[in-house]
Amino acid sequence: MVSRYRDIRAALTDPRLSADTISPALKPSSDDGTPVMFARIDDPEHHRLRRMMTSHFTFRRTETMRPQIQDMVDGYLRTMIDKGPPADIVRDFALPVPSLVIALLLGVPPEDLGLFQHNTTVGLDTRSSEEEKAQAFAAMYVYIHELVERKEREPGDDLISRLVSDYVNTGQLNHPTVAMTGVIMMQAGHETTANMIALGTVALLEHRDVFERLGRTDDPAVIANAIEELMRYLTIVHAQVDRVATEDLTIGGQLIRAGDKVLMNLPAGNWDSEFAEKPETLDIDRNTRGHLGFGYGVHQCIGANLARVEMQVAFATLARRLPGLQLAVSPDALRFKDSDIYGMKELPVTW
């Protein structure tokens, strides 16, 4: 178990630690040709595939989506406010915004979002059996695979259509690879950001001065840094990131033998006092560059720029539109998910 910030960063950039914990250095595919998880592929194959995706998630490209994301946030907040309190931030705001963003980006019809929301919950629930998790993933994979085939016949202005046009039709990618990538992006694109918006709202309501400051400021730098600090403070990926050693090495003075599995505790790393002084304090003025909230190294979250824009817009707008927002239940009554991704089942609020 690696828990110190500097050791985690070193481990996540060490090529001797493989992300393919089942069969390091082997071609990342199963017998039927279906690729394994994108996060389980090592370089150079990982670099080849990631390079095809990164141009769609650059800072510049995701910034062009800011007005559209602002419209979505305004729309869901307007509906929630018009209905009047109490409301459920998870149901009415935190979940639908990133779900719609990633669906439109990939070309998934919004009316089909329920399939992904349900099956992602099942797949990440620590109480689900392995069979239930496999069935949930299979349902999403089959859907996206059929969508890829449909986009090949009827392309649109979306990421899956562009991947088909640029890479499938040129023989650089196959349908299973695009389908697997689409599933992972749908899962990560709505679940993690939704959890961050809900948990971040709780954290901000617990730190009223920060919430009020976000509601007053028009400074994008203040808003951006607040999001980075929330990512450090909350670190919602609670499943330990694992790697397997392909040869003997040393981490933090500890000898790791070839074949040993190494677990990285990202929340512990982000709360390492050598990285963040008084880590238990939510300080939106601290320099949090290099936090581990999006992972680190070559497997760092490819959608980090998009998630940042979504959270910047969501939190700033929420604080500005609802300065009187407060919990509708006591903090002790809040219900959290039994999930590998830290999150909330619901968040009752009033104003």
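Of all the listed residues (242, 283), the sole one being within 27 Å of residue 194 (Cβ to Cβ) and either touching a Gly at 6+ places or on another chain (Cβ under 6 Å) or in a strand (DSSP E or B) (or both) is 242. Taken over region 192-228, residues that are farther than 27 Å from residue 116 by Cα and either surrounded by 24 or more Cβ atoms within 10 Å (Cβ to Cβ) or among the β-branched types (Val, Ile, Thr) (or both) amount to 6. Among the residues of this structure, residue 263 does not count as one that is surrounded by fewer than 22 Cβ atoms within 10 Å (Cβ to Cβ), assigned to a loop (DSSP other than H, G, I, E, B), within 21 Å of the chain's Cα centre (by Cα) and not charged (D, E, K, R). Residue-level check: of (1) touching a Gly at 6+ places or on another chain (Cβ under 7 Å); (2) surrounded by fewer than 18 Cβ atoms within 10 Å (Cβ to Cβ), residue 189 misses just (2). The residues of region 162-179 that are surrounded by 20 or more Cβ atoms within 10 Å (Cβ to Cβ) and touching a Ser or Thr at 6+ places or on another chain (Cβ under 8 Å) amount to a single one, 163. Has region 61-73 got any residue that is within 28 Å of residue 316 (Cα to Cα), out of contact with any strand residue (DSSP E or B) (no Cβ under 7 Å at 6 or more places or on another chain), in a helix (DSSP H, G or I) and of a type in the set (Asp, Glu)? For region 61-73, residues within 28 Å of residue 316 (Cα to Cα), out of contact with any strand residue (DSSP E or B) (no Cβ under 7 Å at 6 or more places or on another chain), in a helix (DSSP H, G or I) and of a type in the set (Asp, Glu): present. For the condition modelled with pLDDT of 90 or more, part of a loop (DSSP other than H, G, I, E, B) and more than 22 Å from the chain's Cα centre (by Cα), residue 14 qualifies.
Selection of region 337-350 for residues being among the hydrophobic types (A, V, I, L, M, F, W, C) and either closer than 17 Å to residue 93 by Cα or in a loop (DSSP other than H, G, I, E, B) (or both) yields 344, 347, 349.
The values are calculated or read from the model by the stated rules, or taken from the named source; none is laboratory data. What you see is a predicted model; the values in this text were computed from it and never measured. All Cβ positions, glycine included, derive from the backbone under ideal geometry; neighbour counts span all protein chains shown.
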